[in-house]
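Heads up: the structure comes next, in structure tokens.
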């Protein structure tokens, strides 16, 4: 969600989510453009915000007898969804010159009536005080009708929503909307409006194909500067895998030079035939760059809608789960016994991915579903174009199988891998409302998350914990970094008041897997003392009987309704077979989730 940039952040270039916020102080409304908290920083020490604007490339290579043919370049294959009327047949979409919209007719074009203004009231969690929420604020954005009485907008426009309303062009009535699905990684949200009056006398938009370079594009929405609909024109300047600021993900994006401003978020971009070719969602601002806006293409929109239709909810884009290195150096290829200028080297495999059962460090990936991967981690794309290998992965759905061609110790082989959504040790977003928390005698425990790091500022987290949050990998599904966020001063915790933002690693000698595991260990403890062991050898010991006697008074003194979040009231289920994964220390050689300097390491 877009919130004010913390004062502890220094940026030279950032990606902004384009949503307009309205704050009220007394009787005077103030309209302000607020920067998205998931900004793209061009600095090697940043967090998820620090994604380089370059997709994770994969390369492939084959033996002489089993290489796939060089064949045609990869074409985007959006899955059309009948219910939402997503895409028309190719022949129908692009040859209809009689449907071209002339500038003089734009004012009366029917498709403009499908673009609506979104009014959202947000109430975000307070990650430092996880039992309560922050003060609510409002924002405005854009959305458009897509058929089946549904609307599309950006996920950051309706994040942490408590109320969403929409208003049609030329109408003075606002209608309550409901958020059906929210895709954080692709920054798309699906809305519905039950009122029949809202859908009267309007036609849903038609989706068009992926445009080409220099194709004209028209962005429509409700940006700041006025309350009526706004239209800006430009051309397509680039199509590539790009960084999505809100979701901290890498997906296909369309770069345009048409003006995109706060409030344009969620609005459609049209081609000359009046077809929607994508959703406006972010801009790149820098002293060295101008007129760089981004549109989510229809291929990504189609993936989102098809996912929702198939599963009844949004499950997300899958990942391969490997850290790869480019193979541009001839000596490196010769050492790996790779005969041609293709392929990417597997340097590390995520423990939570299916690839851990198939791939090994030192393998060279040379093909993905029979599409050959170049030595820079790119694959052919349309005519005379290449695109990051990650594009092929993003065409899949969670649970799909991909066939990889690999070279292992000089021998070519093919293997199959199940693609699933990535498991993040430190999540970028808290999807289920309030963050989890546990209060034991005034000691406030909560899982580490990126919103908490941003709220606390990096300086107060500590370099060691921050490095672990940035670079360590989850070893099993459900693993969390649990920290002591703060200590609510009381007689029972004398001497511990200054402790804060410390990772708790063990309770009474047992390594902690996640906060639910910690709550279970505390509840089942029958020892006289509760012993919490922290990183850097800190220890806190409490008398169990004293804790039981002081807990209610501490909650009352600090106005806290409950000593734990509601999700921790459920029985703890240990999904691990044995304790070995949890008893191991965190990775000795942490690696970045993003590109690492000039080493050319990329996550797929």
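The values are calculated or read from the model by the stated rules, or taken from the named source; none is laboratory data. Predicted, not measured: the structure shown is a model, and the values here were computed from it. Here Cβ is always computed from backbone atoms with ideal geometry, including for glycine, and neighbour counts include all displayed protein chains.
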Single condition residue 462 does not satisfy, out of (1) over 18 Å from the mean Cα position of the chain (by Cα); (2) surrounded by 20 or more Cβ atoms within 10 Å (Cβ to Cβ): (2)
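Can you list the strands (runs of 3 or more DSSP E) lying wholly within the stretch 181-271 that have 1 or more residues being within 28 Å of residue 433 (Cα to Cα) and touching a helix residue (DSSP H, G or I) at 6+ places or on another chain (Cβ under 6 Å)? So that I can check it myself, show each step before the final result.
Values: elements: 188-192, 216-221, 230-244, 249-256, 268-270.
Per the criteria, 188-192, 249-256.
Here is a yes/no grid of residues against (1) part of a helix (DSSP H, G or I); (2) within 20 Å of residue 128 (Cβ to Cβ); (3) touching a residue at least 12 places away in the same chain (Cβ under 8 Å):
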| residue | (1), (2), (3) |
| --- | --- |
| 477 | no, no, yes |
| 499 | no, yes, yes |
| 520 | yes, no, yes |
| 531 | no, no, yes |
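Residues of the stretch 356-370 being within 23 Å of residue 387 (Cα to Cα) and surrounded by 20 or more Cβ atoms within 10 Å (Cβ to Cβ), which ones?
363, 364, 365, 366, 367, 368
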Residue list for the stretch 256-265, restricted to those being touching a residue at least 40 places away in the same chain (Cβ under 8 Å) and in contact with a strand residue (DSSP E or B) (Cβ under 7 Å, 6 or more places away or on another chain): 258, 259, 260, 262, 263, 264, 265
Leading residue by the ranking (surrounded by the fewest Cβ atoms within 10 Å (Cβ to Cβ)) among those in the stretch 293-322 that are in contact with a strand residue (DSSP E or B) (Cβ under 7 Å, 6 or more places away or on another chain) and over 23 Å from residue 240 (Cβ atoms): 313
Members of the stretch 315-343 found to be under 21 Å from residue 414 (Cβ atoms) and either at pLDDT 95 or above or more than 28 Å from the chain's Cα centre (by Cα) (or both), listed by number: 327, 333, 336, 337, 338, 339, 340, 341, 342
Selection from the stretch 374-390 of residues that are more than 25 Å from the chain's Cα centre (by Cα) and either on the phi < 0 side of the Ramachandran plot or surrounded by 23 or more Cβ atoms within 10 Å (Cβ to Cβ) (or both): 374, 375, 380, 383, 385
Subset tally (residues that are assigned to a helix (DSSP H, G or I) and either in contact with a strand residue (DSSP E or B) (Cβ under 9 Å, 6 or more places away or on another chain) or without any contact (Cβ under 8 Å) to a residue 24 or more places away in the chain (or both)) for the stretch 479-494: 2
Test for residue 193: is it without any contact (Cβ under 8 Å) to a residue 60 or more places away in the chain, surrounded by fewer than 24 Cβ atoms within 10 Å (Cβ to Cβ) and closer than 28 Å to residue 135 by Cβ: yes
